[in-house]
Structures are given as structure tokens and as C-alpha cells.
Amino acid sequence: MKLLFYATKIYDKKSFDTILPNFPEVEIDYIEHELEPRTAILAKGYDAVCAFVSADVSADTLSILSECGVKAVLMRCAGFNNVDTDKAKELGIVVKRVPAYSPESVAELAMALAMAVNRRLYKAYNKVRENDYTLKGLRGVLFYGKTAGIVGTGKIGAAMCRICRGFGMRVIAYDVYENPSLKDFVEYVSLDELLKTSDLISLHCPLMDSTYHMINIESIKKMKDGVILVNTSRGALIDTDELIEGIRLNKFLGIGLDVYEEEAGNVYEDRSDEIMQHSVTARLLSFPNVMMTSHQGFYTVEALEAIADTTLNNMKDALNGIQTANDV
Ligand code: NAD
């Protein structure tokens with residue numbers, strides 16, 4: 001079974017090579033190119049390709065992969081909004097993903113971002129490095145006793161609920177389905193109620209037509225003044241221009257973003273020597289209450305091991321015609 005591994009980073013190769021001896025039938029070639037229409041042709045002669053969140057698995061890409069004889073697209077991530085699943089079905093290409101690899105990895109980053117913006121850790125760190133021991137601009141608020149509003153209580157949202165409970169917060173949530181494992185301590189409310197009453201709002205629902213730009217100027221205006229907003233899910237859940245408008249209205253104590261609309265093309269690239277022609281990211285970072293990371297929620301030792309193991313099992317299942325819960 002031959003696998004072409006796109007957009008390889010050193011840590012990918014390390015985690016996959018570590019478990020490869022457990023899969024003697026699998027052979028992997030790693031390349032740095034991103035999977036997109038221009039690079040899909042490289043998959044000629046491979047049974048499957050492995051791609052990540054930043055890949056362009058559009059109808060064009062899938063058609064070329066199909067012509068190359070590729071039978072499976074293995075997403076080494078949970079989200080699959082960048083895959084044209086209808087086209088894949090039409091072409092008979094199996095798409096599998098890694099729905100749960102370590103929900104706590106993402107949830108812990110969400111809380112880290114919330115804490116970091118609350119206590120302005122990014123500023124404090126730099127101030128002390130500069131021998132500036134003043135406290136100006138560093139005052140935060142207590143989380144203990146406050147209300148956490150979790151949007152989407154699947155695997156990651158549920159982990160975030162448990163973390164917030166550990167902080168002594170009241171936990172409310174909005175989801176289209178209620179998660180029975182949370183019934184002892186989470187109160188489900190409408191999205192409007194959540195927006196109106198939460199001191200910390202953390203987004204954990206997938207990006208779909210119904211959730212695209214769910215955080216916009218209308219929803220921001222419903223939020224409490226001094227709210228903290230965290231997004232570790234997908235950038236386009238938030239309308240960035242309207243978020244900036246909300247920041248200028250002084251709505252937020254802090255905003256922590258691990259994902260953002262502009263991330264395609266930036267994620268995992270070093271562009272530090274480049275002059276950016278236009279950058280919403282730079283505009284967001286010009287505000288003292290915004291902290292951003294570049295899609296690193298999944299990036300823990302435990303998550304990487306789980307991703308590698310599940311992806312190679314997905315490959316075996318896909319090529320043996322076995323349907324599982326990991327099919328998309
Ligand atoms: P999940 O499928 O377990 O949970 C998603 C939840 O969202 C479900 O309970 C679903 O009912 C709910 N939902 C669906 N539509 C909704 C709506 N309109 N409003 C509110 N809730 C809605 O997914 P998960 O594993 O918890 O992952 C959540 C998201 O986190 C993924 O979709 C992915 O985009 C993102 N993610 C980010 C990283 C990262 O590195 N930052 C890593 C993994 C996943």
C-alpha cells in the first residue's frame with residue numbers, strides 16, 4: 001500500500017515513522033508540497049494520499065487524484081471543510097479523517113489562550129524581559145465564579161466544559177445536540193442566552209454553512225462588555241472584519257485565536273522576512289487585547305501519536321473496503 005504524504009513537516013515524519021513498523025504493508029513517501037490541483041499529479045502510482053487542514057481538496061484536485069489512480073484521501077485532522085466530499089463520492093474516492101485524537105490537547109490550548117489574554121501574559125513576558133517590572137496594562141479578572149459559554153459540546157467542547165468546571169466556573173453551552181456526558185454540570189441554553197450571559201465564550205463547533213460567520217457584529221453586540229472570546233475551531237466561524245469592529249467598540253477584555261480566516265497560506269510557514277501587502281492578522285495583532293497562535297491546538301506528543309496511528313489504520317481500512325466511523 002503506497003501512501004503519498006503531502007505538506008510534510010519534520011514532526012509529521014517523526015510521528016509516522018515511529019509507528020510505521022506496526023504497519024509493514026504500508027510504504028510512505030513524504031513530500032513538502034501542499035495538496036492542491038497543481039500538485040495532485042504527483043500522486044500518480046500511489047494508492048492513497050495524506051493531507052492536512054491547509055490542503056485544497058477541491059473537485060479539481062480530486063479529479064486529478066482519481067485520474068492518477070488514488071483510491072483514498074486520508075485527512076490527518078478532524079476537520080474536513082476543505083474537502084469536496086460530494087465530488088469524492090462521485091469519483092469513488094474514500095475520504096477518512098481522525099475525528100478524535102486528543103480533544104484535551106485543543107481544549108487545553110483554548111484555556112491557555114483565555115488565561116493568556118486575561119492576564120496579558122504575552123505583554124508581561126516581554127515587559128520583564130525588558131527590565132520593566134510595572135503592572136501597567138496587565139490587570140485581569142477572576143475566572144472563578146464566572147460563566148463560561150461553550151459553543152459546540154462535542155469531544156473538544158466537552159473537554160473545555162470540564163476544564164472550565166475545574167476553574168470553578170458556571171458552565172453553560174449551546175449545541176444542536178445535547179451531550180449526555182455533561183448533564184451533571186452543564187446547562188444548555190439558546191445561543192442568544194449564551195452570548196448575553198457568558199464572561200468567557202469558547203467556540204468548538206465545526207465550520208458549516210450554518211456556522212459560517214456565526215460570530216458577527218450582531219452577535220458581538222449581544223455579548224457582555226468585557227467578554228473573552230476564544231476560537232480554536234475554524235477561522236471562518238468569525239467574521240474578522242466585524243470582529244475588528246467589535247474590538248473598536250471596546251466589547252472585549254481579550255480575544256484568543258488559534259484559527260483565523262487568513263490562515264490558508266500562512267499556517268506552518270515562516271513568512272517573517274516577507275513584507276505583507278495586506279494582513280488582517282497584523283491588524284488584529286495591533287490591538288493590545290488579542291493573542292493569536294497558528295493552528296497549534298493539536299500539537300502535543302500525545303495527539304501526534306494518535307493521529308499517526310489512526311491515519312495508517314484508516315489507510316488499511318480504506319484500501320480493504322472497510323467502512324468505519326472515520327469515513328466522511
Ligand atoms: P465534534 O464533532 O466532536 O463536535 C462538534 C460539535 O459541534 C457537535 O456536538 C455538534 O453537534 C456541534 N454543532 C454542530 N453544529 C452546530 C451549531 N450550528 N451550533 C453549535 N454547535 C454545533 O468535533 P470536535 O472534535 O469537538 O472538534 C470541534 C472543531 O474543532 C472541529 O470541527 C475542528 O474544526 C476544530 N479543531 C481544531 C483543532 C486545532 O488544532 N485548533 C484541532 C482539532 C479540531
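The values are calculated or read from the model by the stated rules, or taken from the named source; none is laboratory data. All values derive from a computational prediction rather than experimental measurement. When we count neighbours, we look across all protein chains shown, and the Cβ atoms used for this are built from the backbone with ideal geometry, even at glycine.
With V95, V117, V57, V106 as the choices, which residue is over 29 Å from E305 (Cα atoms) and hydrophobic (A, V, I, L, M, F, W, C)?
V117
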Query raised in the report: Do you know which residues across segment 91-102 are within 8 Å of the ligand (Cβ to nearest atom) and surrounded by fewer than 22 Cβ atoms within 10 Å (Cβ to Cβ)?
Result: P99, A100
Report task. Look through segment 257-270, keep the residues that are over 11 Å from the mean Cα position of the chain (by Cα) and more than 15 Å from A55 (Cβ to Cβ), and return whichever of them is surrounded by the fewest Cβ atoms within 10 Å (Cβ to Cβ). Result -> D270
Query - Some residue of segment 32-49 being within 16 Å of the ligand (Cβ to nearest atom), under 29 Å from S102 (Cβ atoms) and in contact with a strand residue (DSSP E or B) (Cβ under 9 Å, 6 or more places away or on another chain) - result: no
Query - Identity of the residue in segment 139-155, part of a loop (DSSP other than H, G, I, E, B) and among the small types (G, A, S), that ends up farthest from the ligand (Cβ to nearest atom) - result: G145
Requested in this report: Looking only at segment 60-68, decide whether some residue is polar (S, T, N, Q), without any contact (Cβ under 8 Å) to a residue 40 or more places away in the chain and either assigned by TED's automatic domain parsing to the domain that holds L195 or loosely packed, with under 15 Cβ neighbours inside 10 Å (or both).
Outcome: no
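Using the structure shown, decide if K123 is assigned to a helix (DSSP H, G or I), in contact (Cβ under 8 Å) with a residue 60 or more places away in the chain and farther than 23 Å from C164 by Cα. Explain how you work it out, then say what you get.
On the way: assigned to a helix (DSSP H, G or I): yes; in contact (Cβ under 8 Å) with a residue 60 or more places away in the chain: yes; farther than 23 Å from C164 by Cα: yes.
Taking the combined requirement at face value, the residue satisfies it.
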Query raised in the report: Can you name the number of the only condition in (1) surrounded by 20 or more Cβ atoms within 10 Å (Cβ to Cβ); (2) part of a helix (DSSP H, G or I); (3) over 16 Å from the mean Cα position of the chain (by Cα) that G254 fails?
Result: (2)
**Report entry** Of residues in segment 134-150 being of a type in the set (G, A, S) and at negative phi, the one surrounded by the fewest Cβ atoms within 10 Å (Cβ to Cβ)
**Finding:** G140
**Report entry** For D209: the one exception among (1) near the ligand (Cβ under 10 Å from one of its atoms); (2) in contact with a strand residue (DSSP E or B) (Cβ under 8 Å, 6 or more places away or on another chain); (3) without any contact (Cβ under 8 Å) to a residue 24 or more places away in the chain
**Finding:** (2)
Query - Odd one out for N131, checked against (1) at positive phi; (2) polar (S, T, N, Q); (3) in a helix (DSSP H, G or I) - result: (3)
Requested in this report: For segment 132-155, name all the residues that are closer than 30 Å to P99 by Cβ and among the aromatic types (F, W, Y).
Outcome: F143
Requested in this report: Output the residues belonging to segment 280-296 that are closer than 21 Å to V227 by Cβ, within 16 Å of the ligand (Cβ to nearest atom) and of a type outside the set (A, V, I, L, M).
Outcome: T293
Report task. Just give me the residues in segment 156-195 being within 15 Å of P103 (Cβ to Cβ), within 11 Å of the ligand (Cβ to nearest atom) and among the charged types (D, E, K, R), in sequence order. Result -> D175
